[in-house]
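Undergrad: Would you mind keeping the following structure in view while I ask a few things?
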Amino acid sequence: MSTLKLKPIHKDRTLRANVAEQLREAIINGDLRPGTKLVESQLSSLLGVSRGPLREAIRQLVDQGLIDSIPYTGTYVAKITVKAIQELYSFRTELEQFAFKLVWEKRDENFRKELNDQLKKLINAIKNNDREAAIFEELELHNVAYKYSGHELLQDTWQRLRGRLHLYFTLHQTAHNRAGPLINAHDTYVELALGDDLNAMLDHITEHMQQGYEKVEVLVADIQQNTI
């Protein structure tokens, strides 16, 4: 672990956010290989931070599926597999289609305004080349349908899935070498979400989820192959 190429921590964000980003990049780039046990004393020394923000960052990455926490054993870099990404993609597609079936007759002015406002926030994050903000705002954009669905179990499932999706979006950024999706990637999504054709929206969700997926699968396959 002493050979990790970790960057100095900057103070423009919280320490937790900085540490989480450093560890996330190290995992995605392969510097921290799947199955590696995380030793707090070593990481704390390498990053130049106390164990408090380090533990907070590790908990965040556990929620995002990048780190596994095993009781009485420790924390380890999680294995990233093609099968896991395929299951995430297919489950997310079905979940979002269900959300729109439920929300379709409930779309009011608040729904429309929030969806449009969220698209603007996402575009601003992309223009600012802010990787973390782009992931957050994209998740928030998709969150609107769940939020207005009125289905508590669906909302709970979505919230628990968001951590895994954060991993997917990070992989997507890495595979395409950019901070977030293309600026116009959600234009049709929002247009149809505010339109009158539910079937067109459901079809587009399948298409939308597939955007850029092939490159992500290739990246994950490469990560998986290099850890065998």
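Undergrad: Note the angle between two axes, namely the Cα long axis of helix 109-127 and the longest principal axis of the Cα atoms of the chain, as a number of degrees from 0 to 90, rounded to the nearest 10.
TA: Roughly 40 degrees between the two axes.
Undergrad: Moving on. Top mean-square fluctuation among 75, 188, 206, Gaussian network model of the chain, C-alpha springs under 10 Å?
TA: Per the Cα network of the chain with a 10 Å cutoff, 188 tops the list.
Undergrad: With the other protein chains left in place, how much accessible area per residue, in square angstrom, belongs to the chain at a 1.4 angstrom probe?
TA: For the chain, the solvent-accessible area averages 52 Å² per residue.
Undergrad: Let me ask something else. Please state the relative contact order of the chain as a whole percent: Cα pairs under 8 Å, 6+ residues apart?
TA: Here the relative contact order equals 21 percent.
Undergrad: Please build a GNM for the chain, connecting alpha carbons under 10 Å apart, and tell me which residue among 198, 141, 122 fluctuates the most.
TA: Top of the fluctuation ranking is 198.
Undergrad: Enter the per residue convex hull volume of region 106-194, computed from alpha-carbon coordinates, in Å³ rounded to the nearest integer.
TA: 82 Å³
Undergrad: Still on this structure, please answer the following. Grab the beta carbon distance between residue 89 and residue 41, set R0 = 45 Å, and tell me the FRET efficiency rounded to 0.05.
TA: Given R0 = 45 Å and the Cβ-Cβ separation, E is 0.75.
Undergrad: Here is a follow-up. Stretch residue 104-residue 124 to full length: gain in nm at 0.36 nm per residue minus the Cα-Cα span?
TA: 4.5 nm
Undergrad: Based on a Kirkwood Rh over C-alpha pairs, give the Stokes-Einstein translational diffusion coefficient of the chain at 4 °C and viscosity 1.567 mPa s in µm²/s.
TA: 69 µm²/s
Undergrad: Oh, and also: Taking only DSSP H segments of four or more residues, each worth -39500 (n - 2.57), what value at 222 nm results for the chain once the sum is divided by all its residues, to the nearest 500 deg cm²/dmol?
TA: Calculated at 222 nm, the ellipticity per residue is -22000 deg cm²/dmol.
Undergrad: Here is a further query. Relative to the longest principal axis of the C-alpha atoms of the chain, give the angle of the C-alpha long axis of helix 213-226, reported between 0 and 90° and rounded to the nearest 10°.
TA: The angle comes out at about 20 degrees.
Undergrad: Within region 147-197, what whole-number % of the accessible surface is contributed by carbon and sulfur, with the 1.4 Å probe and all protein chains included in the calculation?
TA: Carbon and sulfur together cover 48 percent of it.
Undergrad: So how much slack lies between residue 196 and residue 215, counting 0.36 nm per residue of separation and subtracting their Cα-Cα distance, in nm?
TA: 3.6 nm
Undergrad: I would also like to ask the following. From zero outward in steps of 5 Å, how is the percent of C-alpha pairs of region 22-147 spread across the bins?
TA: Answer for region 22-147: a P(r) of 2, 9, 13, 16, 16, 15, 12, 9, 5, 2, 0 percent.
Undergrad: Beyond 17 Å, what share of the Cα-Cα pairs of region 133-180 remains, rounded to the nearest whole percent?
TA: It works out to 37 percent of all Cα pairs.
The values are calculated or read from the model by the stated rules, or taken from the named source; none is laboratory data. For clarity, every value in this text was computed on a predicted model and none was experimentally measured. Methodologically, a virtual Cβ is constructed for each residue, glycine included, from the backbone with ideal geometry; neighbour enumeration extends over all protein chains shown. SASA here: full protein model, heavy atoms, side chains in, ligands and nucleic acids out. Shrake-Rupley method; radii C 1.70, N 1.55, O 1.52, S 1.80 Å.
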